[in-house]
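See below for the structure under consideration.
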Amino acid sequence: MTVTSPATSPATCITVGVLALQGAFSEHVQLLRAAAANTSSAPTFRFMEVRTPEQLQQCDGLIIPGGESTTMSLVAARSNILGPLREFVKVKRRPTWGTCAGLILLAESANRTKKGGQDLIGGLDVRVNRNHFGRQTESFQANLHLPFLESTKETSKNDPYRCVFIRAPVVEKILPSNKALGIQEGENERADTVVAPSKTPVDELAKQELEREVEIMATLSTNAEPLQENQKHAHAGAEDIIAVRQGNVFGCSFHPELTDDARIHVWWLGEVVKAVERRQQFELAHRTK
Amino acid sequence: MSDPKMIKEIMDTVTIPVMAKARIGHFVECQVRPFPHLLFPLPLPPNPATLTNPLPHQILEALGVDYIDESEVLTPADAIHHVSKHPFRIPFVCGCRGLGEALRRIAEGAAMIRTKGEAGTGDVIEAVRHMRTVNTEIARAKNMSEEELRVYAKDLQVDYVLLKETAKLGRLPVVNFAAGGVATPADAALMMQLGCDGVFVGSGIFKSGDAAKRAKAIVQAVTHFNDHKVLMEVSMDLGEAMVGINCGTMAEEERLAKRGW
């Protein structure tokens, strides 16, 4: 019987976790399964709900779902998983995707927090504005063209994607890519704003991933039809940033998990595979040195 | 409905969404921003007072409350009808004792369902009964032929298409919470293990000895409902539980779960 070392063969089984402390985790797991059915045979995927540090440790990639960010952050702290989450995202720099509340938790800075604020995980050098469009009654859907989609068996990547915004945040400001790898100075002096604590990346590859610039992946025009009757929407600019990526950490304002459209999940799983392969090559090169 | 001033103060204090109760059938308490043609079938008289004063019917939705619970805990306002919930932008949650009530409420536009249980008792037996009833009835529907499902829809007094969808999914087509009598972390985990998507707790927390500690413990129990170690840890040293009422000794007319049609 031949035993192949995991570092020399391409990734054969990739474990993707969905943080299951609160929110739409079950919906994400279902869409991940649908997405995996759309990808080619190798590698195989394993999907799991993550509630403990031990479960997180088994994951190659992680989704932080939509839900209520204050609740998720409090439950994470009480479940002793907030530290391991920061380690996962900011020290090991594993591929992570946050939707809605997940985007807030992945931001280095978030405003409109009330008494006591909330603990952020961090990982994206952006400032988010919580509940940017208002409360539940101001929630809306918009069919948008997202340039990064992959096709599924049912839907072409060129078709619009139904984006569901519920008490949604937006990226209000792209912060300087934090070369010093400290906390975002200046952000912690703003009133009603919380910042994520700084962490040191585990190795050279994690450092490279962390030092990438923030890319804007999608915007929503403030002239969009669903926003025309929204009186609370502050028209800061012509476009609101609703999806960003910095290296292998990705965040979006809306809830792909509340649709049955797996196209973003198909794309993201592809990105996870690439990230896992980069790490395997890095570790192999390191070992042979 | 509670005093809107108090609801407003709560909304201003917390960053999480706020749910307010309205009486069964009391659509005026709910109306925040229904479609104008439903609110004003006739043109409004040009009364300057209505322009400056808040309109009396724009209550919970005007407050900007995030969800409405059309609740049997308050005295019902209508002995026959529930609120027609489709015209509202705000999502509604409604109580049920079984699949029939659940699907009737969903057909009326409820976006979420909860068990009725027996509110204010701290006795979980009714919540368990209602959840088990929903589960049993869905399991029964799952194994039925189309002809049998049509008869079952008639028996349950529900829409056939909605029943067929539920049978196909093997669960309610909306989220389903436990409510009415949950008082301990173990009660909450019990309801989650029975298949609920979340748990509502009111008096179980606020009438207990140490409300903050018990609230935290119940939240942990809901997230880690399958983790026996966490359940044991959070159940320790919680102080006095609420003084309960045994549902078995309640007179029929005292039961809140009977309200709703």
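Using amide H atoms built in the peptide plane, which far-off residues or other-chain residues are under 5 Å from residue A:222 H to H?
Residues meeting the amide H criterion: A:239, A:240.
What whole-number value in Å² describes the accessible area per residue of the range B:91-254 for a 1.4 Å probe?
46
Considering amide H positions built from the backbone, and no H for Pro or chain starts, which residues 5 or more places from residue A:98, or on another chain, come under 5 Å of its amide H?
A:64, A:250, A:251, A:252
Which one, A:44, A:64, A:188, projects farthest toward the positive side of the charge dipole computed for the protein assembly as shown from Cβ point charges (K/R +1, D/E -1)?
A:44
Suppose only helical runs count, i.e. DSSP H with n ≥ 4. What mean residue ellipticity at 222 nm does that imply for chain B under -39500 (n - 2.57) per run, divided by all residues and rounded to the nearest 500 deg cm²/dmol?
-11500 deg cm²/dmol
Please report the accessible area of residue B:236 (heavy atoms, 1.4 Å probe, ligands and nucleic acids excluded) in Å², nearest 10.
Approximately 110 Å² of residue B:236 is accessible to the 1.4 Å probe.
For residue B:21, list long-range residues whose amide hydrogen, built 1.01 Å from N in the peptide plane, is under 5 Å from its own amide hydrogen.
Those qualifying (amide H under 5 Å, at least 5 residues apart or on another chain) are B:2, B:69.
Averaged over its residues, how many other protein chain Cβ atoms are within 10 Å of peptide B:9-17's Cβ atoms?
Values: counts 0, 0, 1, 1, 2, 3, 14, 7, 7.
Averaged over the peptide's residues, the number is 4.
How many angstrom lie between the C-alpha centres of the range B:224-240 and the range A:65-118?
24
Short version: ³J(HN,Hα) in whole Hz for each residue of the range B:97-112, in order, from phi by Karplus 6.51 cos²θ - 1.76 cosθ + 1.60 (θ = phi - 60°), x for Gly and Pro, what are they?
Computed from phi, the couplings for the range B:97-112 are 10, x, 5, x, 4, 4, 6, 5, 5, 5, 4, 6, x, 5, 8, 9 Hz.
Pairs to check: B:21/B:207; A:92/A:199; A:90/A:274; A:90/B:216. Give those whose C-alpha atoms are more than 21 Å from each other in this structure.
Over 21 Å apart, Cα to Cα: A:90/B:216.
Using the basic label-point model (7 angstrom from Cα toward the beta carbon), what is the residue B:6 to residue A:228 distance in nanometres?
Going from the residue B:6 label point to the residue A:228 one covers 4.2 nm.
At a Cα cut-off below 21 Å, give the lysines reachable from residue B:142, other chains included and same-chain residues fewer than 8 away excluded.
Straight-line reach from residue B:142, under 21 Å: B:154, B:164, B:168.
So what's the net charge close to residue A:271: Lys and Arg +1, Asp and Glu -1, counting the other residues with Cβ under 14 Å from its Cβ?
Around residue A:271, the surrounding residues sum to +3.
Compute the accessible area of each residue in the range A:129-163 twice, once for its chain alone and once with every protein chain present, using a 1.4 Å probe on heavy atoms, and list those whose area falls by at least 30 Å².
Relative to the lone chain, where solvent access is computed with a 1.4 Å probe, the range A:129-163 loses at least 30 Å² at A:135, A:136, A:137.
Quick one: how many Å² of residue B:16 are accessible to a 1.4 Å probe, rounded to 10?
For residue B:16, the solvent-accessible surface is approximately 70 Å².
Ignoring any ligand, DNA or RNA, what whole percent of the accessible area of the range A:151-209 comes from carbon and sulfur when the probe is 1.4 angstrom?
Values: 1510 of 3180 Å².
Of all accessible area on the range A:151-209, carbon and sulfur atoms account for 48 percent.
Could you tell me the calculated FRET efficiency between residue B:155 and residue A:212, based on Cβ-Cβ distance and R0 = 51 angstrom, to the nearest 0.05?
Calculated value: 0.25.
Once phi is turned into θ = phi - 60°, what whole-Hz ³J(HN,Hα) does the Karplus curve with 6.51, -1.76 and 1.60 give for every residue of the range A:56-65, x standing for Gly and Pro?
Residue by residue, the range A:56-65 yields 4, 4, 7, 8, 8, x, 9, 10, 9, x Hz.
Estimate for me the total accessible surface buried between chains B and A (protein heavy atoms, probe 1.4 Å, no ligands or nucleic acids), in Å² to the nearest 100.
1800
Quick one: how many Å² of residue A:215 are accessible to a 1.4 Å probe, rounded to 10?
In the full protein context, residue A:215 sits at about 70 Å².
Let me check something: with ligands and nucleic acids excluded, how do B:3, B:227 order by accessible area (1.4 Å probe), largest to smallest?
Descending order: B:3, B:227.
Treating only the Cβ of Lys, Arg, Asp and Glu as charged (+1, +1, -1, -1), what charge dipole size does the range B:91-254 show about its Cα centre? Round to the nearest 20 debye.
Working: 19 positive and 22 negative charges, 85 e Å.
Dipole about the Cα centre, nearest 20: 400 debye.
Nearest 500 deg cm²/dmol is fine: what mean residue ellipticity at 222 nm does chain A get from its DSSP H runs of n ≥ 4 alone, each adding -39,500 (n - 2.57), divided by its residue count?
Details: 7 runs with 71 residues, N = 289.
Only helices count here, giving -7000 deg cm²/dmol.
So for the range B:91-254, taking the charge dipole from beta-carbon charges (+1 Lys/Arg, -1 Asp/Glu), which of B:139, B:235, B:217 sits furthest toward the positive end?
B:139
Determine the order of A:68, B:9, A:49 by accessible area, beginning with the largest, at a probe radius of 1.4 Å.
Ranking A:68, B:9, A:49 by accessible area, largest first, yields B:9, A:49, A:68.
Quick one: what are the phi-derived ³J(HN,Hα) couplings along the range B:74-82, Karplus 6.51/-1.76/1.60 with θ = phi - 60°, whole Hz, x for glycine and proline?
Values, residue by residue: 8, 4, x, 9, 9, 7, 10, 9, 9 Hz.
Order A:128, B:243 by their accessible area, 1.4 angstrom probe, all chains in place, largest first. Present the calculation step by step, with values, prior to reporting the outcome.
On the way: A:128 0, B:243 130 Å².
If we order A:128, B:243 from most to least accessible, we get B:243, A:128.
Tally Lys and Arg at +1 and Asp and Glu at -1 over the other residues with C-beta under 10 Å from the C-beta of residue B:68: what net charge comes out? Mind dumping the intermediate values first?
Working: positive: B:21, B:85; negative: B:29, B:61, B:66, B:69, B:70.
Local net charge: -3.
If one puts a single equal scatterer on every Cα of the range B:155-198 and applies the Debye formula without solvent, what log₁₀ I(q)/I(0) results at q = 0.26 Å⁻¹?
Rounded to two decimals, the profile gives -0.88.
Which value, in debye to the nearest 20, gives the size of the charge dipole of the protein assembly as shown about its Cα centre, when Lys and Arg are +1 and Asp and Glu are -1 at the Cβ?
The calculated dipole for the protein assembly as shown is roughly 600 debye.
The values are calculated or read from the model by the stated rules, or taken from the named source; none is laboratory data. Since we're looking at a predicted model, the values are computed, not measured. Methodologically, a virtual Cβ is constructed for each residue, glycine included, from the backbone with ideal geometry; neighbour enumeration extends over all protein chains shown. For the accessible areas, the whole protein counts, side chains as well, though only heavy atoms, and no ligand, DNA or RNA atoms are used. Shrake-Rupley method; radii C 1.70, N 1.55, O 1.52, S 1.80 Å.
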